[in-house]
1. Given labels modelled 7 Å from the Cα in the Cβ direction, how far is it in nm from LYS123 to ILE181?
2. So which residue, out of PRO93, PRO33, PRO120, gets the largest mean-square fluctuation from a GNM of the chain using Cα contacts under 10 Å as springs?
3. List the extent of the Cα atoms of the stretch 8-200 along each of their three principal axes, largest first, rounded to whole Å.
4. Got a sec? How would LEU104, LEU70, LEU149, LEU15 order by Cβ neighbour count within 10 Å, fewest to most?
5. Using just the C-alpha positions of the stretch 99-201 as equal point scatterers, what log10 of I(q)/I(0) does the Debye formula give at each q in 0.15, 0.18, 0.23 1/Å?
6. Rank these for me by crowding, SER143, SER66, SER97, going from fewest to most other beta carbons within 10 Å.
7. Which value, in debye to the nearest 20, gives the size of the charge dipole of the chain about its Cα centre, when Lys and Arg are +1 and Asp and Glu are -1 at the Cβ?
8. What FRET efficiency, computed as 1/(1 + (r/R0)^6) with R0 = 22 Å and r the Cβ-Cβ distance, is obtained for VAL85 and LYS162, rounded to the nearest 0.05?
Amino acid sequence: MEKDQPTVLTRTRRLTVALAAGVGIFLDFHGDPGFYFTYFTILTNMGIGVWFLGAALAGRSFEMASAWRLALTVYGLVTMAVYWVLLAPTHHPQGWSFVANLLLHVAVPLAMAFEDLRFPWPKVGANAPWGVLLFPVVYCVFSLVRGELTGWYPYFFLNKDKVGGWGTVALYCVGLLAVFIAVGFGWRALVHFRQRKATAM
């Protein structure tokens with residue numbers, strides 16, 4: 001079992017990741033804050049950054065927040081996958097934007113995943129990954145409603161005018177929600193398997 005309070009090395013690593021999330025957002029920031037801070041990637045990295053900061057300062061109470069950790073890990077992994085599969089082919093950042101891109105779409109999400117594997121958390125129920133869907137569903141509805149009101153969408157696949165209508169938007173949304181479900185259940189199983197293996201040793 002881990003000690004109640006993290007070691008100096010653990011605190012330092014967590015503070016570094018929290019700083020990396022903040023730096024990534026700072027370097028990437030552009031446009032109207034009211035729009036910028038509605039990107040799923042930015043919200044996810046903000047959440048991960050807050051978790052790492054809290055875990056560095058509060059220790060065990062944050063480490064044991066398994067449902068939150070599960071959600072943040074899933075959001076980070078899906079964000080990374082969606083970016084590199086759907087968005088990266090047409091997005092070619094340069095200079096500091098390139099650094100920010102690596103922080104937000106690789107380093108910070110992977111740090112959350114590795115932290116999840118490194119530090120055990122209490123078992124969550126078999127149906128807990130369904131709860132991971134709550135934020136993506138709310139986010140999707142919010143983005144679509146706001147897009148209809150403002151004409152601006154955070155991602156092309158939410159814009160019916162760019163993908164060929166509401167039917168295609170619905171397919172994208174359903175497909176992404178299916179990915180969240182698959183990653184959620186898969187990640188829960190992986191973490192629990194690792195913990196059982198570690199306990200048996």
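1. With each label point 7 Å from Cα toward Cβ, the separation is 2.4 nm.
2. Fluctuation is largest for PRO33.
3. Sorted from largest, the Cα extents of the stretch 8-200 read 54, 38, 26 Å.
4. The most exposed by this proxy come first: LEU149, LEU15, LEU70, LEU104.
5. -0.81, -0.99, -1.20
6. SER97, SER66, SER143
7. 660 debye
8. 0.80
Read the figures in this text as sums done on the coordinates, not as results from a lab. Just so it is clear, the structure is predicted and the values come from calculations on it, not from any experiment. Backbone-built Cβ (ideal geometry, glycine too); neighbour counts: all protein chains shown.
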